[in-house]
Amino acid sequence: MRGELVSLWSLQNIGDVRQVGLIIGIELVRNWRNRQPFDLRERAGLRVCEAMARRGVLTRPIGNVVVLMPPYCTTPAQAQRMVETLREAVIEVFEASQ
C-alpha cells in the first residue's frame with residue numbers, strides 16, 4: 001500500500017499522506033506548496049469521497065482528510081485500485097477549479 005500512495009504526491013491538492021499499518025489519512029489542501037487548508041464548509045473531503053463512491057470505492061472523510069482503512073485481506077490489486085480511484089477523484093473534484 002505504501003508504494004501505491006507515493007503516486008499521490010504529484011497532485012497539487014495532497015498536503016500530507018499519513019500511514020500507520022493499513023490506516024491511511026490523506027490530507028487535502030488548497031495548494032501543497034503553502035499547505036493552505038480548505039475551509040470545512042467547502043466539504044473537500046466529502047466531495048472526493050463521493051467521487052470515489054461513484055467509482056465503486058467506499059471510504060469516508062474526517063474533515064479534509066480522506067481515510068482509507070482496507071481490511072487485512074486486501075490484495076495488491078485492490079490496494080492499487082483504491083489509490084488510483086482516490087487519485088482520479090481528487091483530479092475530478094479539484095482540476096476544474098484550478
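The values are calculated or read from the model by the stated rules, or taken from the named source; none is laboratory data. Source: prediction; values computed, not measured. All Cβ positions, even for glycine, are placed from backbone atoms using ideal geometry, and neighbour counts span all protein chains on display.
Couple of notes before you dig in:
- Close pairs from the stretch 40-53: first free of Cβ contacts under 8 Å to residues at least 60 places away in the same chain, partner in a helix (DSSP H, G or I) and β-branched (Val, Ile, Thr), Cβ under 6 Å, at least 6 apart: Arg47/Val93; Val48/Val90; Val48/Val93; Ala51/Val93; Met52/Thr85
- For Gln36, the stated conditions hold: it is in contact with a Lys or Arg (Cβ under 6 Å, 6 or more places away or on another chain) and either over 26 Å from Ala77 (Cβ atoms) or not polar (S, T, N, Q) (or both).
- Residues that are part of a strand (DSSP E or B) and surrounded by 15 or more Cβ atoms within 10 Å (Cβ to Cβ) within the stretch 1-16 comprise Ile14, Gly15, listed in sequence order.
- Selection of the stretch 39-98 for residues being at pLDDT 95 or above, among the basic types (Lys, Arg) and in a strand (DSSP E or B) yields an empty set.
- Glu4 being modelled with pLDDT under 95 and among the acidic types (Asp, Glu): yes
Table: residues versus (1) of a type in the set (D, E, K, R); (2) over 10 Å from Val65 (Cα atoms); (3) touching a helix residue (DSSP H, G or I) at 6+ places or on another chain (Cβ under 8 Å).
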site: Ile14; (1), (2), (3): no, no, yes
site: Leu22; (1), (2), (3): no, yes, no
site: Gln36; (1), (2), (3): no, yes, no
site: Asp39; (1), (2), (3): yes, yes, no
site: Arg43; (1), (2), (3): yes, yes, no
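- Test: residue in the stretch 23-34 that is assigned to a loop (DSSP other than H, G, I, E, B) and charged (D, E, K, R): yes
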